[in-house]
Amino acid sequence: MDMNRRETLVGAAAAALTVAAAPAAAQMGAQMGGARRLGSKEKVAYWVATVTPCDAKGMFDPGAMKAVMEWHQKCGADGVVVLGTSGEFPSFSLAERKLITETAMRHKGNMNIMVGPGTPNIIETIDLAKHAQNVGADGLLVIPPFYFNQPPVEGLTDYYSRLFEAVSIPINMYHIPGTSEVSITIELLKNLMKYPHLAGIKDSSGSSEGFAEFLKSFPELNMRCGTSNNLIPAVSAGMGAILADGNQFSDKCADIFKTYRAKGNWQAKLDHLRAAQTIIRDHNMGANTYASMKYVLSLRMNGGKDGPMMYARTPYPQLTDAQKASLKIGVEKAMALPMA
């Protein structure tokens with residue numbers, strides 16, 4: 001791709017720092033109007049918010065990442081979100097995040113790939129976003145600058161505007177205020193609607209009322225739910241979903257959307273997923289969420305047997321033997337559920 005370079009002053013603290021400018025397409029994206037670019041052929045689609053596999057020493061495992069990508073494609077996932085919350089993205093260095101992205105892209109198959117480039121500072125966020133674009137990602141899922149305690153909308157508009165003007169691939173906003181401490185608001189989205197590559201959001205707040213307001217306000221975007229409690233209103237409104245539950249039950253998640261497209265009883269498939277989720281929660285024994293997801297996924301990929309395993313990244317703790325034994329029983333029960 002031909003790149004038009006320009007020098008841009010970034011922030012008072014970076015008076016001497018210059019960054020490469022956006023491609024011409026991104027400059028056009030900064031203008032009003034233009035066709036909305038959502039980054040996927042279908043809106044009602046299932047993306048799995050994948051874990052990032054690590055070995056027993058906590059280091060990224062490229063071979064396991066290949067296997068995970070192949071597993072999700074086999075299960076029927078429409079897409080994969082790399083380096084989201086389930087991917088433990090803040091625990092990896094910039095170099096590791098680029099390697100993880102490159103590894104996922106080499107094994108994307110026919111799936112749609114979104115990458116999470118978010119950091120608390122705009123310089124590194126743009127760096128990671130440009131890298132994702134350059135290696136062929138279909139879109140981005142961008143958490144607000146976390147740690148900061150709800151910056152004013154003017155500041156967040158500036159932060160995201162710099163990103164929109166730096167890359168041309170579709171950008172999705174990540175609403176997870178319980179983790180980021182920063183909300184994606186209706187006002188912020190309206191401020192950014194001038195960018196044709198504003199594709200939508202992932203709403204992981206779990207709020208039914210808030211998600212309903214997103215759906216009402218932005219029907220032209222893909223307002224994806226990130227929690228299964230909002231899956232019915234999302235699909236009913238013609239929107240997609242990004243689900244961490246896909247790490248344990250990618251096949252069951254994919255089945256919901258396959259059945260929807262076939263005009264079948266997809267809500268029965270959702271009930272089946274929820275029943276399996278309940279069993280795993282009942283057998284979790286207080287285990288760390290990400291260690292648990294990786295263990296269950298390892299069991300599923302190994303045919304329910306102990307074998308090569310994936311481990312949580314520090315600072316999350318590993319599973320105890322008792323937790324593993326309980327989760328293994330839970331997986332057996334969940335897989336024994338009668339098909340919906």
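At-a-glance table
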{"read-out": "Accessible surface ranking that places the most exposed of Leu337, Leu83 first, with a 1.4 angstrom probe", "value": "Leu337, Leu83"}
{"read-out": "Percent RCO, i.e. relative contact order, over region 87-218, from Cα pairs under 8 Å lying at least 6 residues apart", "value": "20 percent"}
{"read-out": "The chain: relative contact order as a whole-number percent, Cα under 8 Å and 6+ apart", "value": "18 percent"}
{"read-out": "Loop-located trypsin sites (Lys or Arg not before Pro) in region 298-332, at most 10 other Cβ atoms within 10 Å (DSSP)", "value": "Lys305"}
{"read-out": "Whether region 36-94 is rounded, prolate or oblate, judged on the alpha carbon gyration tensor where a/c under 1.5 counts as rounded", "value": "oblate"}
{"read-out": "List Ser292, Ser217, ordered by accessible area with a 1.4 Å probe, largest first", "value": "Ser217, Ser292"}
{"read-out": "Choice from Thr259, Thr125, Thr101 showing the highest fluctuation, given a GNM over the chain with Cα pairs closer than 10 Å", "value": "Thr259"}
{"read-out": "Cα lying deepest toward the dipole's positive end in the chain, options Cys225, Phe257, Ala244, charges on Cβ", "value": "Phe257"}
{"read-out": "Inter-label distance, nm, simple model (7 Å from Cα along the C-beta direction), Ala262/Glu187", "value": "4.7 nm"}
{"read-out": "Total lysine pairs whose alpha carbons fall under 28 Å of each other in region 70-216 (8 or more apart, or interchain)", "value": "16"}
{"read-out": "Of the trypsin sites (Lys or Arg not before Pro) in region 39-74, those whose Cβ has at most 16 other Cβ within 10 Å and which sit in DSSP loop", "value": "Lys41, Lys57"}
{"read-out": "Span per principal axis, largest first, for the Cα atoms of region 85-125 (Å)", "value": "32, 20, 16"}
{"read-out": "Volume in Å³ per residue [convex hull over Cα atoms, computed for the chain]", "value": "134 Å³"}
{"read-out": "Loop-resident sites, region 199-305, for GluC sites (Glu not before Pro), counting at most 16 other Cβ within 10 Å (DSSP)", "value": "Glu220"}
{"read-out": "DSSP loop chymotrypsin sites (Phe, Trp or Tyr not before Pro) with at most 14 other Cβ within 10 Å excluded, longest remaining stretch of the chain", "value": "149-340"}
{"read-out": "Region 194-340, relative contact order [Cα under 8 Å, separation at least 6], %", "value": "18 percent"}
{"read-out": "Ellipticity estimate at 222 nm from DSSP helix runs (n ≥ 4, -39,500 (n - 2.57)) divided over the chain, nearest 500", "value": "-13000 deg cm²/dmol"}
{"read-out": "Neighbour net charge for Asp306 - beta-carbon separation under 15 angstrom, K R +1, D E -1", "value": "+3"}
{"read-out": "Ranked order, Thr320, Thr157 - accessible area, probe 1.4 Å, largest first", "value": "Thr320, Thr157"}
{"read-out": "Rounded accessible area of Ser204 (nearest 10 Å², 1.4 Å probe)", "value": "30 Å²"}
{"read-out": "Carbon and sulfur %, accessible surface of the chain computed with the full protein complex present, 1.4 Å", "value": "56 percent"}
{"read-out": "Anchor Lys66: aspartates and glutamates whose Cα lies under 17 Å away (excluding residues fewer than 8 positions away in-chain)", "value": "Asp55, Asp78, Glu96, Glu102"}
{"read-out": "Charge dipole magnitude, Cβ of K and R +1, D and E -1 - the chain, Cα centre, debye nearest 20", "value": "780 debye"}
{"read-out": "Computed magnitude of the charge dipole of region 181-244 (debye, nearest 20; Cβ of K, R +1, Cβ of D, E -1)", "value": "200 debye"}
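The values are calculated or read from the model by the stated rules, or taken from the named source; none is laboratory data. Computed from a prediction, not measured in an experiment: that's the story for all the values here. Positions of Cβ are backbone-derived with ideal geometry, glycine not excepted, and every protein chain shown enters the neighbour counts. Areas reflect the complete protein model, heavy atoms only, side chains present, ligands, DNA and RNA absent. Shrake-Rupley method; radii C 1.70, N 1.55, O 1.52, S 1.80 Å.
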